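First the structure, in the form of structure tokens, and then the observations on it.
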Amino acid sequence: MTPTALSSTRRALGLTIADAARFAGVERRTWDRWEHGERAIPLPVVALVTLWRDLPGALEYSRANRVADNTEDV
């Protein structure tokens, strides 16, 4: 997944960068780096975003079970 594809998928899902990062359990800045091509997008994140896009209920599950107060910068 390219940075552009990550960004367009996130927007198509109606998520802000902050929300997507929170639901994925990473720092907002980390997500921003992926979308701007400053860091490679990890395969587990590609899988997660693909699930959000393609599997009904996956995004809602991540939203309901989000990682709170994660301070790790991936």
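Structure data summary
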quantity: Matching residues in region 38-50 - criterion: being surrounded by fewer than 18 Cβ atoms within 10 Å (Cβ to Cβ) and not small (Gly, Ala, Ser); calculated: GLU38, ARG39, PRO42, LEU43, PRO44, VAL46, THR50
quantity: Search result, residues across region 51-65 that are without any contact (Cβ under 8 Å) to a residue 40 or more places away in the chain, open to solvent by less than 50 Å² (accessible area, probe 1.4 Å) and assigned to a helix (DSSP H, G or I); calculated: ALA58, SER62
quantity: Residues of region 4-37 classified as at negative phi, open to solvent by less than 30 Å² (accessible area, probe 1.4 Å) and either in a loop (DSSP other than H, G, I, E, B) or touching a strand residue (DSSP E or B) at 6+ places or on another chain (Cβ under 7 Å) (or both), total; calculated: 2
quantity: Neighbours by Cβ (under 9 Å, 6+ apart or cross-chain): first from region 24-36, closer than 15 Å to PRO3 by Cα and among the β-branched types (Val, Ile, Thr); second part of a helix (DSSP H, G or I) and open to solvent by 10 Å² or more (accessible area, probe 1.4 Å); calculated: THR30/ALA24
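The values are calculated or read from the model by the stated rules, or taken from the named source; none is laboratory data. Since we're looking at a predicted model, the values are computed, not measured. So basically every Cβ, Gly included, is an ideal-geometry build from the backbone, and we count neighbours across all protein chains shown. Side chains included, ligands, DNA and RNA excluded: accessible areas come from the protein's heavy atoms. Shrake-Rupley method; radii C 1.70, N 1.55, O 1.52, S 1.80 Å.
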